[in-house]
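Q: Submitted below is the structure of interest, expressed as structure tokens.
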Amino acid sequence: MEIKVLKDILSANEQIAERNRQLLNSNNVFAVNLMSSPGAGKTSLILETIKGLKGENRIGVIEGDVSSSLDAEVIGKEGVPVLQINTSGGCHLDANMTYTALDNIPLKDIELLFIENVGNLICPAEFSLGEHKKVLIASIPEGDDKPFKYPLMFHKADAVLINKIDLLPYLKFDIQTFSRTIKGMNEKVEIFPISCTTGQGIQEWVSWLLTQLSKS
Ligand SMILES: Nc1nc2c(ncn2[C@@H]2O[C@H](COP(=O)(O)OP(=O)(O)OP(=O)(O)O)[C@@H](O)[C@H]2O)c(=O)[nH]1
Ligand SMILES: [Mg+2]
């Protein structure tokens with residue numbers, strides 16, 4: 001019985017996610033669902049990506065947090081449309097919250113929409129938002145065992161960014177083994193080692209993103 005309830009919730013979410021996808025497509029908006037554990041670097045990545053795109057693409061951002069509008073305030077300083085969703089305790093965004101946000105952000109002025117999910121490696125993986133790509137940030141301080149502990153997230157990601165590689169000299173993290181593990185779970189996944197602090201790897205990530213945008 002409990003399994004049925006969960007299935008019903010997920011299938012209701014999937015229907016709204018499909019409506020979101022149609023709304024995004026009809027406005028020519030390409031949406032990226034950005035997921036990670038708290039503090040892995042989602043907001044930093046959005047800032048570095050805005051910088052890397054050099055004003056050549058029309059960007060919008062939806063910020064999901066349990067509480068506060070701190071991230072939206074930081075992004076707002078870049079002069080791009082930004083909307084904060086507070087989940088009031090909820091540990092992930094869902095398609096319905098995203099639908100409300102899409103109704104309140106100027107889609108006509110946006111071609112690339114980042115949706116920063118709530119910092120959490122478990123629940124966001126279950127709930128589609130209607131995005132075109134799921135991007136996961138894993139960071140060096142979290143350790144290289146996370147694909148074993150949170151497999152669904154790694155299984156569903158279209159791209160995994162390994163952030164904070166500037167910290168590799170100080171922490172134990174084997175990038176080659178980590179990458180091999182993820183590829184073993186999800187052979188189509190793209191992997192980019194990056195540092196939002198030094199800018200290393202950001203250009204490669206931005207190139208991939210622009211290729212996905214041009215294919216959409
Ligand atoms: N050393 C280092 N620190 C980084 C890097 N990227 C982000 N940080 C720092 O990590 C902390 C968290 O970064 P955020 O971008 O706020 O992370 P987040 O995933 O958006 O965090 P939440 O929204 O709270 O889940 C900040 O202090 C950043 O300055 C990096 O590449 N290297
Ligand atoms: Mg953030």
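The values are calculated or read from the model by the stated rules, or taken from the named source; none is laboratory data. Remember, it's a predicted structure, so these values are computed and weren't measured experimentally. Backbone-built Cβ (ideal geometry, glycine too); neighbour counts: all protein chains shown. Ligands, DNA and RNA are stripped out before the accessible areas are found, and what is left, the full protein with its side chains, is counted by its heavy atoms. Shrake-Rupley method; radii C 1.70, N 1.55, O 1.52, S 1.80 Å.
Q: Can you tell me which of E111, E142 is open to solvent by less than 60 Å² (accessible area, probe 1.4 Å) and touching a Lys or Arg at 6+ places or on another chain (Cβ under 8 Å)? First the steps, then the outcome.
A: Working: E142 fails: touching a Lys or Arg at 6+ places or on another chain (Cβ under 8 Å).
That would be E111, the only listed residue that is open to solvent by less than 60 Å² (accessible area, probe 1.4 Å) and touching a Lys or Arg at 6+ places or on another chain (Cβ under 8 Å).
Q: Determine whether the range 37-53 contains at least one residue that is in contact with a Pro (Cβ under 9 Å, 6 or more places away or on another chain) and touching a residue at least 12 places away in the same chain (Cβ under 8 Å). Outline the logic, then answer.
A: Let us first name the residues in the range 37-53 that are in contact with a Pro (Cβ under 9 Å, 6 or more places away or on another chain), namely 39-40.
With touching a residue at least 12 places away in the same chain (Cβ under 8 Å) added as a condition, the list becomes 39-40.
For the range 37-53, residues in contact with a Pro (Cβ under 9 Å, 6 or more places away or on another chain) and touching a residue at least 12 places away in the same chain (Cβ under 8 Å): present.
Q: Same structure, new question: It is to be established whether one or more residues within the range 80-87 are surrounded by 21 or more Cβ atoms within 10 Å (Cβ to Cβ), over 28 Å from K146 (Cα atoms) and in contact with a strand residue (DSSP E or B) (Cβ under 9 Å, 6 or more places away or on another chain).
A: The answer is yes, given that some residue of the range 80-87 is surrounded by 21 or more Cβ atoms within 10 Å (Cβ to Cβ), over 28 Å from K146 (Cα atoms) and in contact with a strand residue (DSSP E or B) (Cβ under 9 Å, 6 or more places away or on another chain).
Q: Considering each of L10, L47, L34 in turn, give the residue that is surrounded by fewer than 20 Cβ atoms within 10 Å (Cβ to Cβ) and closer than 19 Å to V206 by Cβ.
A: Going through L10, L47, L34 in turn, the sole match is L47.
Q: Looking at the range 51-67 only, could you name the residues that are hydrophobic (A, V, I, L, M, F, W, C) and under 17 Å from Q84 (Cβ atoms)?
A: I59, V61, I62, V66
Q: Exactly one of these conditions fails for D8: (1) touching a residue at least 24 places away in the same chain (Cβ under 8 Å); (2) assigned to a helix (DSSP H, G or I). Give me its number.
A: D8 satisfies every listed condition except (1).
Q: Please work out which residue is nearest to the chain's Cα centre (by Cα), limiting yourself to the range 31-77 and to residues that are in a loop (DSSP other than H, G, I, E, B), over 21 Å from V160 (Cβ atoms) and within 13 Å of ligand 1 (Cβ to nearest atom).
A: Step one: filter the range 31-77 for residues in a loop (DSSP other than H, G, I, E, B), giving 37-41, 53-58, 66-69, 77.
Add one more test, that the residue is over 21 Å from V160 (Cβ atoms), and what stays is 54-58, 66-69, 77.
With within 13 Å of ligand 1 (Cβ to nearest atom) added as a condition, the list becomes 66-69.
Numbers: V66: 16, S67: 18, S68: 19, S69: 18 Å.
Step by step, filter the range 31-77, then rank; the result is V66.
Q: If I ask for residues that are of a type in the set (D, E, K, R) and free of Cβ contacts under 8 Å to residues at least 24 places away in the same chain, which ones from the range 77-104 would you list?
A: K77, D103
Q: Is it the case that some residue within the range 15-30 is closer than 28 Å to I165 by Cβ, crowded, with 18+ Cβ neighbours inside 10 Å and out of contact with any helix residue (DSSP H, G or I) (no Cβ under 7 Å at 6 or more places or on another chain)?
A: no
Q: A follow-up question, please. I want to confirm something. Restricting to the range 57-68 and keeping residues that are small (G, A, S) and either modelled with pLDDT under 95 or within 17 Å of G39 (Cβ to Cβ) (or both), which single residue is surrounded by the most Cβ atoms within 10 Å (Cβ to Cβ)? Break it down stepwise before answering.
A: Of the residues in the range 57-68, the ones small (G, A, S) are 60, 64, 67-68.
If we keep only those that are either modelled with pLDDT under 95 or within 17 Å of G39 (Cβ to Cβ) (or both) as well, we get 64, 67-68.
Working: G64: 30, S67: 9, S68: 11.
That would be G64.
Q: State yes or no: is S195 of a type in the set (S, T, Y), more than 30 Å from I16 (Cβ to Cβ) and buried (at least 21 other Cβ atoms within 10 Å of the Cβ)?
A: Against the criterion (of a type in the set (S, T, Y), more than 30 Å from I16 (Cβ to Cβ) and buried (at least 21 other Cβ atoms within 10 Å of the Cβ)), S195 qualifies.
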